[in-house]
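J.: Could you have a look at this structure, given as structure tokens, before my questions?
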Amino acid sequence: MAIKLIIIGGVAGGATAAARARRLDERAEIILFERGEYISFANCGLPYYIGNVIKNRDSLLVTTAEAFKARYNIDIRLFSEVMGIDRTSKQVKVHDIMTGRIYEESYDKLILSPGAEPVRPPFKGVDLENILTLRNIPDSDMIKARVDAGRHESSVIVGGGFIGLEMAENLVSRGVKTTVIEKLDQLMSPLDPEMSAIVRDHMAEKGVECYLGEGVKGFTENEGLITVHTDKNRNIECDMVILSVGVRPENRLARDAGLAIGHMGGIKVNAAMRTSDPDIYAIGDAVEVRDFISGQPVMTALAGPANKEARVAADNVMGGKSIFKGTTGTSVVKIFDLTVASTGLSEKACRHNNIPCLTSYTHSNSHAAYYPAARMMAIKLVFSPSNGRVLGAQIIGMEGVDKRIDVLATAIRGSMTVSDLEELELAYAPPYSSAKDPVNVAGFVASNLLKGDVRNINWNDMEDLDPDKDIVIDLRDKRELNDTGFIPGAIHIPLIELRSRLPELDKGKTYIVYCAVGMRGYLAHRILTQNGFKSRNLSGGFRTYDAAVK
Ligand SMILES: Cc1cc2nc3c(=O)[nH]c(=O)nc-3n(C[C@H](O)[C@H](O)[C@H](O)COP(=O)(O)OP(=O)(O)OC[C@H]3O[C@@H](n4cnc5c(N)ncnc54)[C@H](O)[C@@H]3O)c2cc1C
């Protein structure tokens, strides 16, 4: 007998699962319920629609219900909210929003892909008219209409994550003065703080004031203007507030049906994407999945995992044996001129999970420096001290960041080590890369550290130096010091003078050497240690240090 599959939610996960299920079984009866007006729309494109980068609203619709139905023979029911699941009789209760009709529909197998909703914390005044969130096309219509009308000249974005910062860029590009308030001490929480400091500085360059470590207490309104009140007694007036403080899994249906829920609030699933009920699968933003490295349950509100989980769930519904091996949370985001990307575990995530790690910082050109328009990118590599396995990476730059993060994401999937990164043969011609690609360079530096060819010191250990025992040497040229400043207390010995000035140094001291990005520091470290001096190289050089301590 043909299987009857019901899917709840018709966007990233739901639509993918429906299409895959149909490809696997031409005879199956597949019904997809979507509460909203659209299926399969590009939620990731919404900030760019508001910013007028995407000009045509219709291009946000990856497909229409009619086209999807025609291609896949799926019974798509829009404006249809599933209200409950009766697992005993294997039926869902559906509310037809347009007619008000409530009816039941039976299933053999059920896939839940209800997504996650933007969190609206219970701040005083949170329900005021111009306090908005962004999840779907109607939300973006609402924000865009206000900006288009030209009545909204200023905005406050609460929350400095992906969506908040994408919105900041797009609102600024529309001439809306924008301020970001973030409760954490940093923007972009997947990054380590010193990497996120690069983003903070860039936002400031673009005229976006970011108040970090500052929470919102509430909102008041006066003659259409909203005042945002913070816990540092700051009051910011604006025309519009975008709340982007994170998302909460839509777990109500699952919870009410008695399905197991994880400690983060996501629906619990196994590697087959099966819930605690063998006939019900769940995917996407609503579920907790396994972190590929730590093995811990995590929630990643990202389209890539949602799509892959959908494929696995549909395979298994149709009798297959597919497995979702876990997520590395690989992400990339454009923030004004920067591309900000990360994959795997950050240093702080390793600490949180008690996973020992080493880190290295490198700053490399996106392509050969002599070919026009090369731009520096900062790479932080997180790796295992015992075997060099790559655990995570963060990259921030302007060009070529996306391809490097994808190489590193692949390396993590393949359980590769930092010495494997040294050996990777990556495509090179001057407009695209260097003969030593930034990924290779990151591998060289990390391997040097692992092999003991260099001893590093990280920016956050500099404050623990003992001025009686530790001497900091700035190896850069005078001009560089004048341009950028230097670490207080450092003595200045340009690298090219170091050999001749060794007699001035004391073998009883430890010399902390630094240059702009760490390369000359490494050379100096080699010179010093081979001449019997104790030395450590400041990882990532002045550039990493300066961004982090500013
Ligand atoms: C503004 C924005 C930008 C983003 N940018 C990126 C990006 O650049 N890269 C990236 O990887 N990810 C991005 N994401 C996240 C990505 O869109 C989500 O991870 C992905 O859509 C999750 O898929 P899903 O199927 O779990 O949920 P969704 O795509 O949210 O779909 C869930 C659907 O289920 C419906 N639904 C819920 N409950 C019911 C019910 N009871 N009955 C019927 N229907 C129901 C909802 O109406 C919704 O349409 C972005 C998200 C947003 C909002």
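The values are calculated or read from the model by the stated rules, or taken from the named source; none is laboratory data. Because the structure is a prediction, the values reported are computed rather than measured. Virtual Cβ from ideal backbone geometry, glycine too; neighbours counted across all protein chains shown. Heads up: the accessible areas ignore ligands, DNA and RNA and are worked out on the full protein's heavy atoms, side chains in. Shrake-Rupley method; radii C 1.70, N 1.55, O 1.52, S 1.80 Å.
J.: Using the Karplus curve 6.51 cos²θ - 1.76 cosθ + 1.60 with θ = phi - 60°, work out ³J(HN,Hα) for each residue of region 442-451 in order, rounded to whole Hz, and write x for Gly and Pro.
T.: Karplus-based 3J(HN,Hα) across region 442-451 equals 4, x, 4, 5, 5, 5, 4, 5, 5, 7 Hz.
J.: Run the Debye formula on the Cα coordinates of region 100-234, all scatterers equal and no solvent, and tell me log10 I(q)/I(0) at q = 0.18, 0.22 1/Å.
T.: The Cα Debye sum returns log10 ratios of -1.08, -1.55.
J.: May I ask you to give the percent of accessible area on region 22-154 that is carbon plus sulfur, with a probe radius of 1.4 Å? If you can, show how the numbers build up before the last one.
T.: Values: 3340 of 6810 Å².
Whole-percent figure for carbon plus sulfur exposure: 49.
J.: Let me ask something else. Taking θ as phi - 60°, what are the ³J(HN,Hα) couplings along region 371-382 by the Karplus curve (6.51, -1.76, 1.60), each to the nearest whole Hz, with x for Gly and Pro?
T.: With coefficients 6.51, -1.76 and 1.60, one gets 8, x, 6, 5, 10, 6, 10, 9, 10, 10, 10, 10 Hz.
J.: Pull up all non-local amide H partners of LEU32: gap of 5 or more, or a different chain, and H-to-H distance under 5 Å with H placed in the peptide plane.
T.: For LEU32, the qualifying residues are ILE7, ASP75, ILE76, ARG77.
J.: Cut-off under 14 Å on the C-alpha distance; same-chain residues fewer than 8 positions from LYS206 excluded. Which aspartates and glutamates are left, in chain and number order?
T.: Cα-Cα hits under 14 Å: GLU166, GLU169, ASP337.
J.: Check the straight Cα-Cα distances from LYS469 and name the lysines below 28 Å, setting aside those fewer than 8 residues away within the same chain.
T.: Leaving aside lysines fewer than 8 places away in the same chain, those within reach of LYS469 are LYS451, LYS478, LYS507, LYS509, LYS534, LYS550.
J.: Given the protein chains as shown and a 1.4 Å probe, how many square angstrom of ARG375 are accessible, to the nearest 10?
T.: It works out to around 110 Å².
J.: Here is a further query. With a 1.4 Å probe and all protein chains kept in place, how do ASP477, ASP468 rank by accessible area, largest first? Show your work: numbers first, answer last.
T.: Values: ASP477 70, ASP468 115 Å².
Descending order: ASP468, ASP477.
J.: Suppose R0 equals 35 Å. What FRET efficiency, 1/(1 + (r/R0)^6) with r the Cβ-Cβ distance, do VAL53 and ARG479 give to the nearest 0.05? Working shown, then result.
T.: Working: r = 39 Å, r/R0 = 1.12.
Using R0 = 35 Å, I get an efficiency of 0.35.
J.: Going from most exposed to least, what order do LYS436, LYS534 have by accessible area with a 1.4 Å probe?
T.: Output order, biggest surface exposure first: LYS436, LYS534.
J.: If you count only protein heavy atoms with a 1.4 Å probe, what accessible area per residue comes out for region 163-224, rounded to a whole Å²? Mind showing how you got there, number by number?
T.: On the way: 2460 Å² over 62 residues.
Using a 1.4 Å probe on heavy atoms only, each residue of region 163-224 averages 40 Å².
J.: Just the accessible area per residue of region 454-550, please: how many Å² with a 1.4 Å probe? Present the calculation step by step, with values, prior to reporting the outcome.
T.: On the way: 5010 Å² over 97 residues.
Heavy-atom SASA per residue in region 454-550 reads 52 Å².
J.: Under the Karplus relation 6.51 cos²θ - 1.76 cosθ + 1.60, θ = phi - 60°, what is the ordered set of whole-Hz ³J(HN,Hα) values for region 167-181, x standing for Gly and Pro?
T.: 5, 4, 4, 6, 6, 4, 5, 8, x, 8, 5, 10, 10, 10, 10
J.: Here's a follow-up. For a quick check: with amide H placed at 1.01 Å from N, whose amide H comes under 5 Å from LYS217's, ignoring anything fewer than 5 positions away on the same chain?
T.: HIS229, THR230, ASP231
J.: Could you tell me the distance between the Cα centroids of region 305-378 and region 189-210, to the nearest Å?
T.: Centre-to-centre (Cα) distance: 19 Å.
J.: How much accessible area per residue does region 253-397 have, in Å², with a 1.4 Å probe?
T.: On the way: 5490 Å² over 145 residues.
Solvent-accessible surface per residue comes out at 38 Å².
J.: Then there is this: Would you list, by chain and number, the lysines whose Cα falls below 30 Å from the Cα of LYS93, excluding same-chain residues fewer than 8 positions away?
T.: Filter leaves LYS4, LYS69, LYS109, LYS268, LYS308, LYS321.
J.: With a 1.4 Å probe and all protein chains in place, put TYR432, TYR511 in order of accessible area, largest first.
T.: Details: TYR432 145, TYR511 10 Å².
Ranked list, largest accessible area first: TYR432, TYR511.
J.: Run the lone-cysteine check on the chain: no other Cys C-beta under 4.7 Å from the residue's C-beta.
T.: Isolated Cys, the chain: CYS44, CYS210, CYS238, CYS515.
J.: Can you list residues whose amide H is under 5 Å from GLY540's amide H, if they're 5+ apart or on another chain and H is modeled 1.01 Å from N?
T.: TYR361
J.: So what is the relative contact order of the chain, in percent, for Cα pairs below 8 Å that sit 6 or more residues apart?
T.: Numbers: 1195 pairs, mean separation 57.6, N = 550.
Reported as a whole number, the value is 10 percent.
J.: Something else now. Heavy atoms only, probe 1.4 Å: what % of the accessible area of region 296-446 goes to carbon and sulfur, would you let me know?
T.: Roughly 54 percent of what the probe reaches on region 296-446 is carbon or sulfur.
J.: Under Stokes-Einstein, with the Kirkwood radius over Cα pairs standing in for Rh, what whole-number D in µm²/s applies to the chain at 20 °C and 1.002 mPa s?
T.: Values: Rh = 25.8 Å.
Using the Kirkwood radius from Cα pairs, D works out to 83 µm²/s.
J.: If you average the alpha carbon positions of region 501-538 and of region 71-144, how far apart do those two centres end up, in angstrom?
T.: Their Cα centres are 62 Å away from one another.
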